[in-house]
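The values are calculated or read from the model by the stated rules, or taken from the named source; none is laboratory data. In this text the structure is predicted, and so the values were computed from the model without any measurement. Quick reminder, even Gly has a Cβ in these numbers, built from the backbone with ideal geometry, and neighbours come from all protein chains shown. Only protein heavy atoms, including side chains, enter the accessible area calculation; ligands, DNA and RNA are left aside. Shrake-Rupley method; radii C 1.70, N 1.55, O 1.52, S 1.80 Å.
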Amino acid sequence: MHLRLTDEQKMVQETIRKFVENELIPLENEVLRNEREGKPSLSAAKQEELQRKAKESGFWGINTPSEYGGADLGQMMQAIVSMEVAKTFVPFTFGGSADNILYYGNERQKEEYLIPTINGEKKSCFAMTEPDAGSDTRNIKTTAVKDGNEWVINGEKTFITGGNEANFVMVIAITDKERHQQTGREGVTCFIVDRDMGWRSEYIDTMGEWGPAALVFDNVRVPEENILGELHGGYNLGLEWIGFARWIVGARAVGAAERLLQMAIDYSKERKTFGRPIGDRQAIQWQIADSAVEIEAAKWMVLNAAFTLDQGEDNRHLASMAKLYGSNMGNRVVDRVMQIHGGMGYTRELPIERWYREARLWRIYDGTDEIQRMIIARNLLKGNVKVGQFI
């Protein structure tokens, strides 16, 4: 067992950290100003420029297989990279990647969708959630009915990340109503649907800066060849997509919390009350100490989930634990940091209130706290996972 990063991993971490410090953090005031004025956080041109700079530094397709031109650094490095990038709220993702389930496509689908997405020529989104079906997939209403060599899709999806910008969607729809009613899982299929096939997106205004979409399908005709994976096999694809997203939420929470805690430490040294730095006060010290302990615990949970996946093992239980604990930890830390900063923390001159709104979302998307608890408890009660099983 080795509980330290290798020299190569440290080098990657340090390179990413410098990129964040030199290229992203200096843009924070611009992002805050744009968001206050109702503008996009960053222009598309600026985001492309940042991705180009990252590519020139050797970071393209962090977790994309080398056969597709990616770095293929593995899940542990994906976790570390996610933590470093999350130390700023400037919206940025390294280019050269695609949704994990797109790799299940056939050769034509890879040529038409996977490779253009990796190359940044197309944007995708995944749509499973509906107005009456979030975690409860039994309530999915969107249907796909076969008509000759085509499937006709009708229904609505909601809270779809990237849905306003996507060129195509991987959408889950019922293809066998009887099977779906019996299990709530079987009888659904994943379809790749181009925007020009007829679906439309509608922006959903939210508390934070996240801008999800509602997707509307009104007799959208999709060719048979656009089924992703197997007919009636969409549920497992959905689980795989969501499972990857869950522990990544935990990684982002760790990165943001580390940056926020450092802000609190710095401020507690500078801010004085009654002639002494507030960092001398026990009330402040305990908040800092509790935050540091919780961040470290969340970090190891995330890294364990990533390491387990790198070993080719099932990490879904660990992913749920990392998501549940990490997202709640992030909420507690940002709340403490705002309290330490007092009135200044509540203003929009500092990014704390912005992070406060973003952090609240971590406990909702990609499976709510309640769903994670249900999954964890069910695994233990049914004996699928043993207490102390994971080292």
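Determine whether the stretch 146-167 contains at least one residue that is assigned to a loop (DSSP other than H, G, I, E, B) and open to solvent by less than 10 Å² (accessible area, probe 1.4 Å).
Yes - at least one qualifying residue is present in the stretch 146-167.
Only residues that are open to solvent by less than 40 Å² (accessible area, probe 1.4 Å) and either in contact with a strand residue (DSSP E or B) (Cβ under 8 Å, 6 or more places away or on another chain) or touching a residue at least 24 places away in the same chain (Cβ under 8 Å) (or both) were counted in the stretch 255-296, giving 14. Here the stretch 96-128 is the region considered, the condition is being of a type in the set (Val, Ile, Thr) and within 16 Å of VAL193 (Cβ to Cβ), and the residue that is least open to solvent (accessible area, probe 1.4 Å) is ILE101.
Looking at the stretch 285-298, is at least one residue of a type outside the set (Asp, Glu), assigned to a loop (DSSP other than H, G, I, E, B) and out of contact with any helix residue (DSSP H, G or I) (no Cβ under 8 Å at 6 or more places or on another chain)? Taking every residue of the stretch 285-298 in turn, none turns out to be of a type outside the set (Asp, Glu), assigned to a loop (DSSP other than H, G, I, E, B) and out of contact with any helix residue (DSSP H, G or I) (no Cβ under 8 Å at 6 or more places or on another chain). Considering only residues that are open to solvent by 20 Å² or more (accessible area, probe 1.4 Å) and modelled with pLDDT under 90, which ones fall in the stretch 73-95? If the condition is that a residue be open to solvent by 20 Å² or more (accessible area, probe 1.4 Å) and modelled with pLDDT under 90, then LEU73, THR93, PHE94 are the ones that fit. The residue pairs whose first member lies in the stretch 53-65 and is within 12 Å of VAL20 (Cβ to Cβ), whose second member is in a loop (DSSP other than H, G, I, E, B) and open to solvent by less than 50 Å² (accessible area, probe 1.4 Å), and whose beta carbons are closer than 8 Å, counting only pairs six or more residues apart or on different chains, are ALA54/TRP60; ALA54/PHE94; ALA54/GLY95; PHE59/ALA71; PHE59/PHE94.
The residues in the stretch 106-134 that are in contact with a helix residue (DSSP H, G or I) (Cβ under 6 Å, 6 or more places away or on another chain), at pLDDT below 90 and either small (Gly, Ala, Ser) or under 21 Å from ASN164 (Cβ atoms) (or both) can be counted, and the count is 1. Residue pairs whose Cβ atoms lie under 6 Å apart, sitting 6 or more positions apart in sequence or on different chains, and linking a residue in the stretch 146-158 that is over 26 Å from THR206 (Cβ atoms) to a partner that is of a type in the set (Lys, Arg) and surrounded by fewer than 17 Cβ atoms within 10 Å (Cβ to Cβ), are GLU150/ARG221; VAL152/ARG221.
With respect to the conditions (1) in contact with a Ser or Thr (Cβ under 9 Å, 6 or more places away or on another chain); (2) surrounded by fewer than 22 Cβ atoms within 10 Å (Cβ to Cβ); (3) of a type outside the set (Gly, Ala, Ser), ILE340 falls short on a single one, namely (2). Can you tell me which residue in the stretch 83-122 is farthest from LEU24 (Cα to Cα), limited to those that are free of Cβ contacts under 8 Å to residues at least 40 places away in the same chain and part of a helix (DSSP H, G or I)? Among those that are free of Cβ contacts under 8 Å to residues at least 40 places away in the same chain and part of a helix (DSSP H, G or I), it is GLU107. Considering the stretch 215-254, the residues that are under 25 Å from the mean Cα position of the chain (by Cα) and basic (Lys, Arg) include one that is least open to solvent (accessible area, probe 1.4 Å), namely ARG246.
Number of residues in the stretch 203-220 that are out of contact with any Gly (no Cβ under 9 Å at 6 or more places or on another chain) and either of a type in the set (Asp, Glu) or in a strand (DSSP E or B) (or both): the value is 1. Of the residues making up the stretch 135-145, just one is closer than 18 Å to THR161 by Cβ and open to solvent by 60 Å² or more (accessible area, probe 1.4 Å), namely SER135.
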